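Report on the following structure.
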Amino acid sequence: NWGAVHSGITVFVIESALSFDDVYGDIEQIAAVMGEEEKGDEIIDGIQKQLKEVEEKIASVDEKKKVYFEISPAPDIYTTGKNTFQQEVMNKAGVENIFADMEGWIKLSEEEIIDRNPELITTTVGYVENPVEEILSRKGWNQISAVEAEEVKLLDSDIMSRPGPRIGEAVEILAEAAYPELFN
């Protein structure tokens, strides 16, 4: 993955990671380039320890919470399906992505979301004023379980959307949003 040398600076190119293993590989590569292999191992160990802790906390969950993960709001609603980094976050957080039967980044109609009736809605939309209120007040959405129970949560998009050293945190944030009683 070595790129060209521009004006004496070696450029190192990393393609966007799609899985946690990709992220570990990226961390190892960057650490090796910087001669900081030990630091790289430490970061990976830290992530894996955090994931193990979450796994232990949610081990008692019998029925996975059905989650709709909103990335872009109305009118151009987008979510994430299988073969995405976010799907792996959801798997590790012990929740069921209601759009896991579709692949990649998916543009949705409001009807599709209402039909699938999520129990929890998470959003990473930070550029709308009060994104949670915006979702709760959408026309026709009051019949969705998550809206009825006001289970709509804003999650930090920096942490949730970046396949980097904070993936353990992403899993923990989502698991805690879904199962707060297990994180007291």
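The values are calculated or read from the model by the stated rules, or taken from the named source; none is laboratory data. Keep in mind it's a predicted model, so treat the numbers as computed, not measured. Using ideal geometry, Cβ is built from the backbone for each residue, glycine included, and neighbour counts are taken over all protein chains shown. Note: areas computed on protein heavy atoms with side chains; ligands, DNA, RNA excluded. Shrake-Rupley method; radii C 1.70, N 1.55, O 1.52, S 1.80 Å.
Checking Val61, Val23, Val5 one by one, the residue that is at pLDDT 95 or above and either among the hydrophobic types (A, V, I, L, M, F, W, C) or under 22 Å from the mean Cα position of the chain (by Cα) (or both) is Val61 and no other. With respect to the stated conditions, Glu181 is assigned to a helix (DSSP H, G or I) and out of contact with any helix residue (DSSP H, G or I) (no Cβ under 9 Å at 6 or more places or on another chain). Within the stretch 117-156, the residues that satisfy the criterion of being assigned to a helix (DSSP H, G or I) and either on the phi > 0 side of the Ramachandran plot or surrounded by 15 or more Cβ atoms within 10 Å (Cβ to Cβ) (or both) are Pro131, Val132, Glu134, Ile135, Leu136, Trp141, Ala146, Val147. Among the residues of the stretch 82-105, just one is small (Gly, Ala, Ser) and modelled with pLDDT under 95, namely Gly104. Listed by first and then second residue, the pairs linking a residue in the stretch 146-171 that is within 15 Å of Gly126 (Cβ to Cβ) to a residue that is hydroxyl-bearing (Ser, Thr, Tyr) and in a loop (DSSP other than H, G, I, E, B), with Cβ atoms under 8 Å apart and 6 or more places separating them unless they lie on different chains, are Leu154/Thr124; Leu155/Thr124; Asp156/Thr124; Ser157/Thr124; Met160/Thr124; Ser161/Thr124. Of everything in the stretch 54-111, what is free of Cβ contacts under 8 Å to residues at least 24 places away in the same chain, open to solvent by less than 60 Å² (accessible area, probe 1.4 Å) and farther than 30 Å from Asn184 by Cβ? Give them in sequence order. Scanning the stretch 54-111 gives a single hit, Met102. Counting only strands (runs of 3 or more DSSP E) that sit completely within the stretch 17-116, those holding 1 or more residues that are closer than 22 Å to Glu172 by Cβ correspond to 65-70, 77-80, 95-97.
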